[in-house]
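Dumping the structure here so I can ask a few things about it.
The values are calculated or read from the model by the stated rules, or taken from the named source; none is laboratory data. On a predicted model such as this, the values are computed, not experimentally measured, just so you know. Because the Cβ atoms are built from the backbone with ideal geometry, glycine has one as well, and the counts that use them run over all protein chains shown. Note: areas computed on protein heavy atoms with side chains; ligands, DNA, RNA excluded. Shrake-Rupley method; radii C 1.70, N 1.55, O 1.52, S 1.80 Å.
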Amino acid sequence: MWFTLHLGLGAPLSGATLAIPPAAAVLTAMPFSHRLRESRQWHWNTPDTALWTAPVTAAALLIALVAAVWAAGALLARCAPALLGPAPADRLAAAEARAAALAARNRIARELHDSVGHALSAMALQAGAARTVLDSDPEFVHRALTAIEETARHTTGELDAVLGMLREEHDEDGGTPSRAPAGPTLAELDGLLERTRASGTPVTLTTGPGSWRETPGPLPETVSREAYRIVQEGLANALRHSGRAPVTLSLTLHDGELLITMDNPVHPPHGPHRPYRRRGGGGTGLRGTAERAAALGGSARYGAHGGNRRLAVRLPLEGER
């Protein structure tokens, strides 16, 4: 169809382009050349006053030719996308737009999973533990309810941050970009550990040579924020899959990298306050952890190590999104 349209418009226009300019030149010169007027091929059998219409006719022919060429080009340009499909540059731009939208959607999904998912798991376990000892240990119930309240309040702020990211993505598509509040960083790690301990899960943060707290200056904000989310997801996995098994957490600096290691027993103990119940499914959080590490140029590994489940993450301090 494209070839036929091109041929149908191009053939007459090509002929007109070859014929009209010479004819227009002759018509323009006709009033000024006696030889042209008397020639056998161009005998002008009209009064002399009508000879001055020849240049006007020549100008009209040239204008009509230009208009016809422009209209044909516009018609072909309009039909090209429908008949030939998008150009390579258009396909590349569309693919880049889809990739950007998918990356933004995955980023928001990770934030929701790591913040809200962790909070819901912690509150469910705290509520279950409180219900189990409701009559026998009122002090524990009071602590659990307080922890649930603090977790819900903290998570509301994180949910506002994620919703702010959604608004920012919308405004970048059309409108004035709005600044979404930044997510939590390692400066808030102690609060996260306390809320996790309130659910009955012992969490030990190892300190010593090379600890991230001993760095002379603050960690890069991006690294600190992603490290917080990775620790949060690791603790959420421990809560979901290992009951009240103790968790050992280590954050150390080595050769320009932040090394995060989390261990918990493969066979967790069954505590009196909350029976261990294994949760099926999962895997999304570990994939999100690997994506967060890869976005900074690092890596994440998960597997068994000496009778423990171990999550080992490496984050370069100079990593960039």
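Restricting attention to the range 102-125, does a residue exist that is surrounded by 12 or more Cβ atoms within 10 Å (Cβ to Cβ) and either more than 30 Å from Glu149 (Cα to Cα) or at pLDDT 85 or above (or both)?
There is at least one residue in the range 102-125 that is surrounded by 12 or more Cβ atoms within 10 Å (Cβ to Cβ) and either more than 30 Å from Glu149 (Cα to Cα) or at pLDDT 85 or above (or both).
Considering only residues that are modelled with pLDDT under 80 and of a type in the set (Val, Ile, Thr), look in the range 129-152 and name the one that is most open to solvent (accessible area, probe 1.4 Å).
It comes out as Thr132.
Further, regarding this structure: Check whether at least one residue in the range 153-171 is over 17 Å from the mean Cα position of the chain (by Cα), modelled with pLDDT of 70 or more and more than 27 Å from Leu102 (Cα to Cα), and report yes or no.
Yes; the residues of the range 153-171 include at least one that is over 17 Å from the mean Cα position of the chain (by Cα), modelled with pLDDT of 70 or more and more than 27 Å from Leu102 (Cα to Cα).
Among Leu219, Leu189, which is the only one that is under 34 Å from the mean Cα position of the chain (by Cα), modelled with pLDDT of 75 or more, in a loop (DSSP other than H, G, I, E, B) and under 20 Å from Thr252 (Cβ atoms)?
Leu219
Then there is this: If a residue must be under 30 Å from Leu5 (Cβ atoms) and open to solvent by 50 Å² or more (accessible area, probe 1.4 Å), how many such residues does the range 72-96 contain?
Of the residues in the range 72-96, 14 are under 30 Å from Leu5 (Cβ atoms) and open to solvent by 50 Å² or more (accessible area, probe 1.4 Å).
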